[in-house]
1. For segment 183-203: of the residues being in contact (Cβ under 8 Å) with a residue 24 or more places away in the chain and in a loop (DSSP other than H, G, I, E, B), which is farthest from LYS359 (Cα to Cα)?
2. Any idea which of VAL308, VAL333, VAL344 is part of a helix (DSSP H, G or I), among the aliphatic types (A, V, I, L, M), under 30 Å from GLY173 (Cα atoms) and modelled with pLDDT under 85?
3. What are the residue pairs meeting all of these: first residue in segment 308-322, first residue in contact (Cβ under 8 Å) with a residue 24 or more places away in the chain, second residue of a type in the set (Phe, Trp, Tyr) and in a loop (DSSP other than H, G, I, E, B), Cβ atoms under 7 Å, and 6 or more apart or on different chains?
4. How many residues, within segment 84-106, are part of a loop (DSSP other than H, G, I, E, B) and touching a Ser or Thr at 6+ places or on another chain (Cβ under 8 Å)?
5. Can you tell which of LYS161, LYS191, LYS165 is open to solvent by 50 Å² or more (accessible area, probe 1.4 Å) and farther than 28 Å from PRO323 by Cβ?
6. Among the residues of segment 204-227, are any modelled with pLDDT of 90 or more, open to solvent by 10 Å² or more (accessible area, probe 1.4 Å), outside any helix (DSSP H, G or I) and of a type in the set (Ser, Thr, Tyr)?
7. Could you go through segment 171-182 and let me know if any residue there is at pLDDT below 95, closer than 18 Å to LEU279 by Cα, open to solvent by less than 20 Å² (accessible area, probe 1.4 Å) and not in a loop (DSSP other than H, G, I, E, B).
Amino acid sequence: IFYWWVSGKWAHAFSPTRQHPAAAVATHFSTRETVDINSASSLSCSVKEPIPLSITCGNETTTKVHVDKDNKQEKQNHKHRPRISILSYYPRFAAVNKPSGMTMHAGGRRDQRRHGTLKSILKKQLARKIFPIHRLDHGTSGVLLVSFDSETCGIVHSALKEATKVYIALIRGNWDQKFNKTSILVDHALKVGEEGIMKDCQTLFSRLAVCPADGSTSYNNTTFIDTACTLVAVRPLSGRTHQIRRHARHLGMPIVGDSQHGDSRVNRLWRPHLNRLALHCLALDNLTIPTCLLQEDDNETARGRRTVADSPCSTLNLTAPLPDDFRQFLNNVLDSHSSKCSRVLSFWEEAITTEPRLKTDWIDIRSGTLGVKKSWQL
């Protein structure tokens, strides 16, 4: 059986009807080797550096094949982990700016092997154990709080319920043509969990800027697509799964780039310019937490519940700057798109006038504020 298996393997590898001997041997040897195929007994392999594989067959000319079994370039891409910017760093917790397209925890997504999860990347970046205090969707970017111990995680999580979360979302449609006021409160119950229990949810949408349709875009030259978009500030008054995205769909103006609750035709239209979910957690306002969590304390026993209860409280206001891709899309693409219409202020000028925190510069306190101007600032 062994003789049959070995002879069959070699016959298959060097069969002229299959592939060139060089390519066949290249799939079996990992490093630089010299192979004589006149007889199996004279087969000699010299293991050296993992660079070209040299094959000699009788009087034929030598064929060189570059072999990279370890596929170092691909492994380097897999090992490359993007740095997550730190917005605020304290002894027991931190606020980070989560990028879009990164999952919080390990799960069923295939891209986790290549890019990793936010929890695993932060653990290696900060060299500390990470306890996520809350979570953001895979495609959502923005402010995210993480703690370094379970006790702080519970304390800040309780304080987070009283804080105000401000999201920036780009939704489909012209707000001015649909509503005659600047703010809309969506009070619509949503199904939660596998059992589908209906729970009350409220979300406040506020208009920031409108990019009207130009009336020149069609889909397959038959169906007209409304290219109008509206930038809104969203304040969820409760926390349910995909609450903002589902309430935006209930409003009749789904979020751009939302493949699950949005409009696929509009998503395909804007995908060459913005290949992500147009939802960003801009700020956490009025986060009231005990002051002892913000200070370094050398006494381990002083970190108990009694110290936290007796400690005065401090209020934090955290802001996460817009990512470059989202900001460039709003400042360049939509700004030029809306310039075709006669208006006093452009789309981006109107947005930053209503919400000045949109023009906050990118910051990473662990490596210093980046002083180099971005392309949209030039």
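The values are calculated or read from the model by the stated rules, or taken from the named source; none is laboratory data. Everything quoted here is computed from the prediction, not taken from an experiment. Glycine also receives a Cβ, built like all others from the backbone with ideal geometry; neighbour counts cover every protein chain displayed. With ligands, DNA and RNA removed, areas are computed over all heavy atoms of the protein, side chains included. Shrake-Rupley method; radii C 1.70, N 1.55, O 1.52, S 1.80 Å.
1. ASP200
2. So the residue among VAL308, VAL333, VAL344 that is part of a helix (DSSP H, G or I), among the aliphatic types (A, V, I, L, M), under 30 Å from GLY173 (Cα atoms) and modelled with pLDDT under 85 is VAL333.
3. Sorted first by the residue in segment 308-322, then by its partner, the pairs are PRO321/TRP362.
4. Summing the residues that are part of a loop (DSSP other than H, G, I, E, B) and touching a Ser or Thr at 6+ places or on another chain (Cβ under 8 Å) in segment 84-106 gives 8.
5. LYS191
6. Yes, segment 204-227 has at least one match.
7. Checked against the condition, which is being at pLDDT below 95, closer than 18 Å to LEU279 by Cα, open to solvent by less than 20 Å² (accessible area, probe 1.4 Å) and not in a loop (DSSP other than H, G, I, E, B), segment 171-182 yields at least one hit.
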